[in-house]
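Enquirer: Starting off with a structure, shown below.
The values are calculated or read from the model by the stated rules, or taken from the named source; none is laboratory data. Not measured: the values here are computed from a predicted model. No Cβ is skipped: glycine too gets one built from the backbone with ideal geometry, and neighbour counts run over all protein chains shown. Just the protein is used for accessible areas: all its heavy atoms, side chains included, with ligands, DNA and RNA removed. Shrake-Rupley method; radii C 1.70, N 1.55, O 1.52, S 1.80 Å.
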Amino acid sequence: MARLWQAYAVAFFALIAVYFLLPDGLVADIGYLVIGLSCVVAILAGVAIHRPTSPTPWYLMAAGQAAWVVGDAFYTVEQHSSDPVTFPALSDVPYLASYPLAAVGVLLLIRAQHRPRDLAGLVDSLIVAAGIGLLSWAFIAHPILEHSALTGLDSIVALAYPAGDILILALLLRLMTGQSSWTPSFRLLVAAVLSILAADTGFVSALGESSYTPWLGFLWLASYVLWGTAALHPDMMNLAVPSLRTPTAFSGRRMIVLSAVMMLPVVLFLAHEALGLHVHMGTLVIGAAVLSWLVMARMACAIREIRLTTRQRDELHEDLFRRATQDEVTSLVNRPSFVRFIGSALERGVRDEEKSALIVIEVSGTGEVAQRHGHFYRDAVLSEIARRLEGAVERDDCVACIGPHQFGILIDRLGPETDLARSAQHLLAACRTAVSINGQPTSLSAYAGVAVSADGSTDPEVLLRDATLAAASARPSGHGGVEFFDASLRDELTQRNEIEAGLREALRTGQLEVYYQPILAVGAVVLNGYEALVRWNRPGHGLVPPDSFIPIAEKSDLICELDRWVLRQATGQLAAWTRADPLRCVALTVSVNVSGRNLATGSIVDDVIEALRVTGLEPAQLTLEITETVLVDVPRATAQMSALRRLGVSISIDDFGTGYTSIGQLGQLPADAIKVDRSLVSSDKEGARELLTLIVQAGHASGLLVVAEGIERPDQLATVTDLRYDSAQGYLLGRPQPASDENRPGLLLTDAQSR
Ligand code: C2E
Ligand code: MG
Ligand code: MG
C-alpha cells in the first residue's frame, strides 16, 4: 500500500507510452480517457487511504480533473464528427470549468494551513505569479492577439487556458510559502500544473496554425498521472499542515527567486534591444509597474515585520529588566538592585564626605496571614505595606523589598539633623497600622534594624547584613522595636549562631540532660513532685545552665524540638519511677516548662498526647509550666491551655508576678496553679509580705493552687507556710539534680525533709 503511488505512476506512464504506440482510433481514444479517469480515481483513493484532515480540497481537485476528462470526451467526439472543428467548441466549457474547481481546491488547502495572516508570503507568491504572467503575456498571449485571427470571445477563451494555469500555479506557490520544505506530493502537483501550463500554452499558440501535436498530448496525459500520483503519495496529508518555521523569512532561495523575477523586465528589455527579440514595450512597462508595486508592498510587509519584531524585543527587554530589578510581589526595587543602589550611595558618600544609613524592617505575621487567608492576601498585605513605606520616606530615599517579609530603606546623605531612630519609628508605625483583610482589620508586628556606613570602604552587602542583623535582634531588645547595629551586636549574634548550631548538635548527640528539683507541700513537707530543668553538657564549656541557651533556642523552632525532648525524658522518668515504686510515686507530678513558641505553633497538644502514650504516664502526673508573659504575647495560648487541661494535664503559670496578669484576671485563667516568682518570694522590700498575702488569697479565691519559687532561707519557708502557700520549691528544699539511681524520689525526699 505504501508504494501504491509508485505503482500507479509506473503503470500509467507505461500506459501513456502504449497509447502513443497505438494507431489512431477508438482504442487509443479509450486509452486516453482511461488515463484521465485514473487521475480522478487516484485522487479519491488517496483521500480514502491517507484520510487528510481536510478532504474537501482534494474532492474539488478530483471534480476539476473529472471536468477535464469530460472535456476530453467532448473533444474526441468533436474530432470524429463530420462537422468542421470550431473554436471555441463545446469541449471548452468543461475544460474551462475545471480551472475554478482546481483553484478553489488549492485555495482551501491554503486556508486549511491555519496560519496567522501571512501577508508577506502572499505578496511573494504574487510577485512570482506576476513574473510568470509577464512571460506568458509577452511571448504567448500578446503575439496571439497580435497575429492570430482570433477576435473577441475566441481570444478570451484561448487566453483563459494559460491564465487558469498561472492562477493555479500562483496558488500552489502561495501554498508553498506556508511550508518548510517542498514535499514530494507538492513537487508532483507543481510538475502537473507546469505540464498542463506548457501544453495549454502550446495549444493556444498553435491555434489557427497547425493542430494538435503528440507532445501536447503527452504533456496533458503526464499532468493527469502526476496529479494522481501526488494524491496517492502519503505526504499529501502534510500539504495543509503549517510549518513551525516563520514563513515570511527572507530565505536565500526566496531571495534568488524574487530577484530573478524582479530582473525580468530588464532582461526582456535587453533581449529586445540587443538580441532583437520581439517584446511588446507596453507589456514590459505594465509588467515592470506591477512588479514595482508588488515590491513596494513587500517592503511595507518587511518594515511592518521589523517594527513588530523590534516592539516585541523592546517589550521583552523591558520585561526582563523589570524582572531583574523589581520584586514581583511589591514592585519595589529587589535585593540585587538595592545592593547596587547602596554601592553607588557609598561611593558618592566618599566623594561628598557624607554618610548613608540603611534601615531594614522585618514584618512578622505575614506567614499567619497566608495560612489563614491564603497567599493572595499575604501578597496584598505586603504590597500595601510597600506603598505605605514609599509614602513614609523622603523623596530621595530608596525603598526595596529584600526578602519575603523584609524591606530595606536607603537613607542617602545623612544630615546633622537626621534622627534615624525617629525615622525608623515612623516607618514602623506605617507597617503596624492595621491592614484590612476581607473587611477585618489585621495588625502586624514590625521591627527595624539600623546600620550607618562608617566610611566609604564599607561593603554594600556588609552594610545590608549589619542592618538585617540589627533588625533580627530588635524584637527582643525592647527599644520600641528599633535596634542600631554596632560591633558588639555582631559579636553577640555570632555567639548566638554558634550556640544555636551547638544546641542542634547537642540534641542530636545526647549532650542534654534533665535535672529534677523537688516541689514540696508546705506544712507537712511532703514531696509533691519535681520540676524538670534542662542542662547542657557542652564540650569545653562544662554544664551550661538553661538561661544561656533557652532564649536563643526560643528564636526558632529549635525550642519546640528541645521542649519535646525534655517532655519525653521527664514523663519517661516519672513513669519509670512510678513503675519501680508505685506506692510512693503514683501521687507525684512532674512539671515540664513549655515555651510560648510551642503554644503559638500549636504542636504542643499532639506532643503531650504522644509523650503520655509512649511513656504510659498518667495525665494527672504531668504539669506544664507556662510563663506568665506568654498569656499576653501568644494570642492562641489560652485556647491551647484549655485543650491541654481537657487531656487531664495540669497547667501552672510560671514566674507569676513578673508579667501583666492582674489579680482580677486570675479567675478566668485556664490554669490549675500559679508559681510565684522568686523575685517576689525573696524580696525584702517593704510591702513584700503583703503582696505575697494578696497573691495567695487571690489564687485560692480563684480555685488555684499557689506555689512559691526560690525558697533559699528558712524564714522564707516560714513566711510561705504562715501564708498558707500550697507548695514550695527552692535550694533550701532541694537543688535540681540528675535522675541517677541515688537520686530516686525516696532519697530526694529524705534529703528535702531533713532540712
Ligand atoms: P523556671 O522554670 O522558673 O525554673 C526555676 C529556676 O530557678 C531554675 O533555674 C532553678 O534551678 C532555679 N531555682 C530553683 N530554686 C532556686 C533557688 O532557691 N534559688 C535560685 N537562685 N534559683 C533557684 P534553671 O534551671 O537555671 O532554669 C532557668 C529557666 O530556664 C527556668 O526557669 C525555665 O524558665 C527555663 N527552662 C529550664 N528548663 C527548661 C526547659 O526544658 N524548657 C523550657 N522552655 N525552659 C526551660
Ligand atoms: Mg518553671
Ligand atoms: Mg519560674
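Enquirer: Give me the net charge for the shell around Tyr75: Cβ to Cβ below 13 angstrom, other residues only, Lys and Arg +1, Asp and Glu -1.
Expert: Cβ neighbours under 13 Å give a net charge of -4.
Enquirer: Applying a 10 Å radius around every beta-carbon, put 677-687, 166-176 in order of their mean neighbour count, most first.
Expert: For the peptides 677-687, 166-176, the packing ranking is 166-176, 677-687.
Enquirer: How would you order 343-352, 61-70, 412-421 from highest to lowest mean count of nearby Cβ atoms within 10 Å?
Expert: Output ranking for 343-352, 61-70, 412-421: 61-70, 343-352, 412-421.
Enquirer: For the chain, which whole percent of the accessible surface, found with a 1.4 angstrom probe, sits on carbon and sulfur atoms?
Expert: 60 percent
Enquirer: Once region 1-127 is represented by equal point scatterers at the alpha-carbon sites, with solvent omitted, what log10 I(q)/I(0) does the Debye formula produce at q = 0.12 Å⁻¹?
Expert: -0.62
Enquirer: Let me have the 222 nm mean residue ellipticity of the chain computed from DSSP H runs of 4+ only, each contributing -39500 (n - 2.57), with the sum over all residues rounded to the nearest 500.
Expert: One gets -19500 deg cm²/dmol as the mean residue ellipticity at 222 nm.
Enquirer: Arranged from highest to lowest average of other beta-carbon atoms within 10 Å per residue, in what order do the peptides 558-564, 539-545, 369-375 appear?
Expert: Listed from highest to lowest mean packing, they are 558-564, 369-375, 539-545.
Enquirer: Classify region 32-96: rounded, prolate or oblate, from the alpha-carbon gyration tensor (a ≥ b ≥ c, eigenvalue square roots; a/c under 1.5 rounded; otherwise prolate if a/b is larger than b/c)?
Expert: oblate
Enquirer: Based on Cβ point charges of +1 for Lys and Arg and -1 for Asp and Glu, what charge dipole magnitude is obtained for region 528-585 about its Cα centre, in debye rounded to the nearest 20?
Expert: The calculated dipole for region 528-585 is roughly 220 debye.
Enquirer: Follow-up question, since we're still on this one. Normalised by the residues of the chain, what does the relative contact order come to in percent, with Cα pairs under 8 Å and at least six apart?
Expert: Answer for the chain is 8 percent.
Enquirer: Could you name the lysines whose alpha carbon sits less than 25 Å from that of Lys685, not counting residues in the same chain fewer than 8 places away?
Expert: In chain and number order, the partners are Lys675.
Enquirer: Checking the cross-link filter: which aspartates and glutamates have an alpha carbon closer than 15 Å to that of Lys355, excluding same-chain neighbours under 8 positions apart?
Expert: Glu347, Asp396, Asp397, Asp412, Glu417, Asp419, Asp455, Asp459
Enquirer: Pairwise over distinct Cα atoms, reciprocal of the mean inverse distance: report the Kirkwood radius of the chain in Å, one decimal place.
Expert: 36.0 Å
Enquirer: Let me know the volume per residue of the alpha-carbon convex hull for region 480-630, in Å³.
Expert: Convex hull of Cα atoms, per residue: 149 Å³.
Enquirer: Moving on to the next point. Only Lys, Arg, Asp and Glu count, each charged at its Cβ (+1, +1, -1, -1), so figure out the dipole size of region 271-317 about its Cα centre, rounded to 20 debye.
Expert: For this selection, approximately 180 debye.
Enquirer: Can you tell me the 0 to 90 degree angle between the C-alpha axis of helix 420-432 and the longest principal axis of the chain, rounded to 10?
Expert: The helix 420-432 is inclined about 70 degrees to the chain.
Enquirer: May I pose another question? Largest first and in whole Å, give the semi-axes of region 514-754's equivalent ellipsoid, each being the square root of 5 times a Cα gyration tensor eigenvalue.
Expert: Ellipsoid semi-axes (Å, largest first): 25, 23, 18.
Enquirer: Here's another thing I want to ask about it. So what are the radius of gyration and Dmax for the Cα set of region 4-303, in Å?
Expert: Cα radius of gyration and Dmax of region 4-303 are 20.0, 63 Å respectively.
Enquirer: I'd like the orientation of helix 688-701 relative to the chain: the angle between its Cα long axis and the longest Cα principal axis, in ° from 0 to 90, rounded to 10.
Expert: 60 degrees
Enquirer: Can you tell me the 0 to 90 degree angle between the C-alpha axis of helix 375-392 and the longest principal axis of the chain, rounded to 10?
Expert: 80 degrees
Enquirer: Have a look at region 655-702 and give its Rg and Dmax from the Cα atoms, expressed in angstrom.
Expert: Radius of gyration, then largest Cα-Cα span, for region 655-702: 10.6, 32 Å.
Enquirer: In addition: Rg to Rh ratio, region 413-468, alpha-carbon atoms and Kirkwood radius?
Expert: 1.14
Enquirer: Taking the Cβ of Tyr99 as the centre, find all other residues whose Cβ is under 14 Å away and add up their charges (Lys, Arg: +1; Asp, Glu: -1).
Expert: Local net charge: -3.
Enquirer: Follow-up question, since we're still on this one. Give the Rg (one decimal place) followed by the Dmax (whole number) of region 357-510, computed from C-alpha coordinates and expressed in Å.
Expert: For region 357-510, the Cα radius of gyration and maximum Cα-Cα distance read 16.9, 56 Å.
Enquirer: Skip the ligands, DNA and RNA, and give the accessible area per residue of the chain with a 1.4 Å probe, whole Å².
Expert: For the chain, the solvent-accessible area averages 49 Å² per residue.
Enquirer: Also: Any idea how far the Cα center of region 33-100 sits from the one of region 608-666, in Å?
Expert: The two parts, judged by their Cα centres, are 98 Å apart.
Enquirer: Net charge near Arg568: determine it from the other residues with C-beta under 14 Å of the C-beta of Arg568, scoring Lys and Arg +1 and Asp and Glu -1.
Expert: -4
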